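The numbers here are math on the coordinates, done by the rules we state, and not lab data. The model shown is predicted, which means the values in this text are computed figures rather than measured ones. Every residue, glycine as well, gets a Cβ built from its backbone with ideal geometry; the counts of neighbours run over all protein chains shown.
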Amino acid sequence: MPAETPSEAAYDRLRRRQWLAGEARADGVDRRTLLRMLAAAGVLAAPAAGGLLAPADALAAPPSAGGAEPVAPSSAGLAAAAPTAGPVPGILKPLPAEWFVPRGTNAEMRFDALRGSADGGPVGRHVPVERFFVRNHTSTPLIDAGSWRLRLFGSGLRGAPTADRPVEFSLDDLHDLPAHSISALVECAGNGRSFYTGQQHQTVTGTQWTLGGIGSARWCGVRLADVLRRAGISRRAVDVLPSGLDAEFVSGGVSLGRVRRPLPVAKALDDVLLAYEMNGEPLTPDHGAPVRLVVPGWIGIASIKWVGTVEVADHPLYSPWNTDFYRLFGPDHPAGGSAPLTTQVVKSAFELARGAVLAAGRRHRLYGRSWSGAAAVRTVEVSTDGGLRWHRAELLDEPRADNWTRWSIDWRPERPGPYELRARATDRRGNTQPEVAVFNREGYLFDAVVVHPVTAA
Ligand SMILES: Nc1nc2c(c(=O)[nH]1)N[C@H]1C(S)=C(S)[C@@H](COP(=O)(O)O)O[C@H]1N2
Ligand SMILES: [Mo]
C-alpha cells in the first residue's frame, strides 16, 4: 500500500466532512452515532494517521489448507477474508506477472498480454476469468453458497419488509428463475487515472491504473427485475441499494460500512443482472461468488460483488459510494460535485507493451481494442506520428454496445528512434476521445487519447 500523501489525507478529511454534512448515512449507523464514533477515533479533532485505504483486518480468518475451502459464514453473517500469499493481499487467484500488474489491493490486466503467444495466442473478445482484472476495496471473501441468501427489504417493497424479516432467495431459488445471459464490460471508474498525472501533470488520488482496469465477459444469472418483481417491488420504489458481503471498508480509521451503491429503479429494472456465472462457469471468489450484480455500461462500482442484501426504498438512498466517491469534484464541476457517475466513457488501448521495441524498416501489424459505455464503437483512428496524421484502423469485430471492438492497423516505422502511437475511438452516439480529459480530483473517467511510446530499432 503506497504511503498516504499529506494532500490525500487532507482531501480525505474534507470529503468525510462533506459526507457527514449531507444526508448520507451508514448502514444502521445514524449520524449522531457516527459523529460519536469519529470523535472516539480522534478523527474530528486530530485526523487519524491511517492510510486512505486502511484494510479492515477484523475479519481475517486463520489460513486454511490450500486457501480454497469454502469457509462457513460466522453467526453474524460475515464472510471470512481469505489469506493469500500472492502479490496482492486479499486476491485469491494466481496473478502471474505476465498477465497482471499489482496495484494496492487490486490487479490490473496487462493489455500487451492479450496478444501473448507463449500462452496460446491472442485473447478473444471476452477475457478468460483467470486473466480478468480484480478491483477489491478490501479482500475477497469466501462465502458458503449453500447458506448464502439474497435478502431484500425496505419501504419500496409491498408490506415494507424490514432488514431482520427480509424476502429471501437462496442460490437454488435463483437457479429456478429464468436464466438470462449477457455480454458486458466491467470497467473501473478510475481506469486510465494514471494518465491525469503522466500525461496531463495533474494530481489525482486513487489506484494508478493505466488502461487495464477493465474486462469483458459473458455473464449468466437472473434479471434483477425478475427478483425485484417477485420480492414485491411497489410503484413507489425509487432506489435500489445492493450491498456486498466483503468486509466493511475502512477509510482513515473510520468504517464506511459495506461496499454499496444505490441504483435508480429505472436502471435496476432495465438491464441489470444478478450473475452467478462468468464465461460459462460458476463465479469465482475474486469476481463475486456466489452472486454479483452486473450493471451494463456503468462504472464498475455499480456491479456490486458478493451481494448479500438489496434495500428497495421509496425515497432516495445514499452511501459514500454515490456521495463522496464516484462523482466529479474540481474547478470544472459543480461546487458540491457532479451527479453520481453512471455511464462509462470512450477509451482505446493497444495490445502492446508501453515502450515496446519494434524492428525499424519492417511492417508490423498493431492490434488494439476500443470501447464506450454509451454505445457501440463507430470508428477507430490511429496516429503513429505524434498525432499529425490519422488512419482508419480495420475493425475486427462487429461493433456492439455491450462489448469492446478489436481492431488492427499496419505500421512500418522507416527510421529507428522513438515514436508515439495514438488510438482514438468514436462511438455511435458521436462521443469521441479528446486530446485532454477534464480534470477531476479523484481522476475518474479519463477519456483522452493515450500516448503510447514505442521505439523502432
Ligand atoms: N462488494 C464489492 N463489490 C465491488 C467492489 C468491492 O470492493 N466490493 N469493487 C467494485 C469496483 S470499484 C469494481 S471496478 C468492480 C470490479 O470487478 P472485478 O473485481 O470482478 O473486476 O467491482 C465492484 N464491486
Ligand atoms: Mo472501480
Inset, instruction - Starting with the highest mean, order 122-135, 102-115 by the number of other Cβ atoms within 10 Å, averaged over the residues of each peptide. - result: 102-115, 122-135
Inset, instruction - Return a whole-number percent for the relative contact order of the stretch 347-456, with Cα pairs under 8 Å and 6 or more residues apart as the contact set. - result: 34
Legend entry - Protection proxy ranking, peptides 368-378, 325-335, average beta carbon neighbours within 10 Å, highest first: 368-378, 325-335
Legend entry - Kirkwood hydrodynamic radius over Cα pairs of the stretch 347-456, then Stokes diffusion coefficient at 4 °C and 1.567 mPa s, in µm²/s: 90
Legend entry - Sequence-distant lysines (8 or more away, or on other chains) whose Cα lies within less than 18 Å of Lys305: Lys93, Lys267
Inset, instruction - Identify the residues of the stretch 395-421 with backbone N under 19 Å of a label point that sits 7 angstrom from the Cα of Ala457 along the Cα-to-Cβ direction, or state none. - result: 412-421
Legend entry - Simple spin-label estimate for Ala356 and Glu414 in nanometres, 7 Å along Cα-Cβ: 2.3
Inset, instruction - Determine, for each peptide in 234-246, 416-428, the mean count of other beta carbons within 10 angstrom over its residues, then list the peptides with the highest first. - result: 234-246, 416-428
